[in-house]
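The values are calculated or read from the model by the stated rules, or taken from the named source; none is laboratory data. Predicted model only: the values in this text are computed from it and were never measured. In this analysis, Cβ positions are derived from the backbone assuming ideal geometry, glycine residues included, and neighbour counts consider all displayed protein chains. Keep in mind that these areas ignore ligands, DNA and RNA; they rest on the heavy atoms of the full protein, side chains included. Shrake-Rupley method; radii C 1.70, N 1.55, O 1.52, S 1.80 Å.
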Amino acid sequence: MIERYEVEAFLTLAEELHFGRAAAKLHVSTARVSQTIRKLERKVGVPLFHRTSRRVSLTKVGQQLLDDLLPAWDGVGAAVQHAMETGRGLSGALHVGFVSAAAAELLAGVMQVFREHAPDCEVRIREAQADQMLRWVRSGEVDVGLTPLPIDDPDLAHGSVLVREARMLAVPVGHPFARRGSVLVTDLTRVPLVRLPGHTAAPPGQSDSTPATDPTAGTFQEALTLVGAGQGALPAGAHARRYYARPDIAYIPISDAPPLEWVLVWPEGEYTARVRTFVEAADSLIHGQA
């Protein structure tokens, strides 16, 4: 088995072709380099260098060993460099996007856990509208985003489900649905639904069937204003009842709809040290996973 210091001595002498310069570069004595090379030659079984009083040169076997060894040694160096860069990746800044006030509160808790593991990394958060989030993640405007499923994009990856919440239907307080304890998914076909680009709170299949004539909003607050004005209803996560309570709107559970699921999403292939540590912090906070 060849030792690391033997490899370093061989490669350095092969580069310098001078025992004194090789020793200086390795910060050892000339005698130490000579002893190391002789030990290596005994292991190989043949001389690796021609030595005269005037010059040092590689033998044929020495040249072959050099040619075979360099790529592997460069690979070791690259691996170490990659590890160092990964370690440094826990400094700098991590840009995180979110949609909705509830997501902001969740991220505040994740940030606290993240700082315990990456105190030198600054977290910068940005609020996105529903139709902006995935576009921001794809373009690199944010490194990771907290958003509801589904995410039907092969260029994006996401973590485990962090939060599951019931789906609600926001209706005007004077609407007949407001007097009911819950509604069914089929009931949504009986009311106009406010169209909100990128909004994924509608039960599966409902957002695709919304008529183009239904009212359209640009932001969640605009959509709620249209609901309060009696122009339509809006599916939403249960968090809306707490964070977006309004006297002109009632939130009614959609009893047979699957829950709305929230995840962290990032670009496929960009699972950097910062993103990984942030995702692990979220899992630790929500699921108690280290």
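Before moving on, here are some points about what is shown:
- With respect to the conditions (1) surrounded by 14 or more Cβ atoms within 10 Å (Cβ to Cβ); (2) in a strand (DSSP E or B), Glu141 lacks only one, and its number is (2).
- Any hit, segment 163-177, residues being under 27 Å from Pro215 (Cβ atoms), in contact with an Asp or Glu (Cβ under 8 Å, 6 or more places away or on another chain) and part of a helix (DSSP H, G or I): yes
- Of the residues examined, Phe177 is one that is modelled with pLDDT of 95 or more, surrounded by 16 or more Cβ atoms within 10 Å (Cβ to Cβ) and not hydroxyl-bearing (Ser, Thr, Tyr).
- Those residues of segment 212-225 which are assigned to a helix (DSSP H, G or I) and surrounded by fewer than 21 Cβ atoms within 10 Å (Cβ to Cβ), in sequence order: Gln221, Glu222, Thr225
- Looking only at segment 1-19, and only at residues there that are part of a helix (DSSP H, G or I) and open to solvent by 30 Å² or more (accessible area, probe 1.4 Å), the one that is modelled with the lowest pLDDT: Arg4
- Against the criterion of being out of contact with any helix residue (DSSP H, G or I) (no Cβ under 6 Å at 6 or more places or on another chain) and either under 30 Å from Val227 (Cα atoms) or crowded, with 19+ Cβ neighbours inside 10 Å (or both), Gly159 does not qualify.
- Odd one out for Leu149, checked against (1) hydrophobic (A, V, I, L, M, F, W, C); (2) under 13 Å from Ala281 (Cβ atoms); (3) surrounded by fewer than 21 Cβ atoms within 10 Å (Cβ to Cβ): (2)
- Test: residue in segment 246-260 that is open to solvent by less than 10 Å² (accessible area, probe 1.4 Å) and either within 19 Å of the chain's Cα centre (by Cα) or under 17 Å from Val123 (Cα atoms) (or both): no
- Where Val46 falls short, out of the listed (1) within 30 Å of Pro204 (Cα to Cα); (2) out of contact with any His (no Cβ under 9 Å at 6 or more places or on another chain); (3) β-branched (Val, Ile, Thr): (1)
- Segment 100-123, subset touching a Ser or Thr at 6+ places or on another chain (Cβ under 7 Å) and open to solvent by 20 Å² or more (accessible area, probe 1.4 Å), residue modelled with the lowest pLDDT: Asp120
- Residues within segment 46-73 that are open to solvent by 60 Å² or more (accessible area, probe 1.4 Å), assigned to a loop (DSSP other than H, G, I, E, B) and not charged (D, E, K, R), tallied: 3
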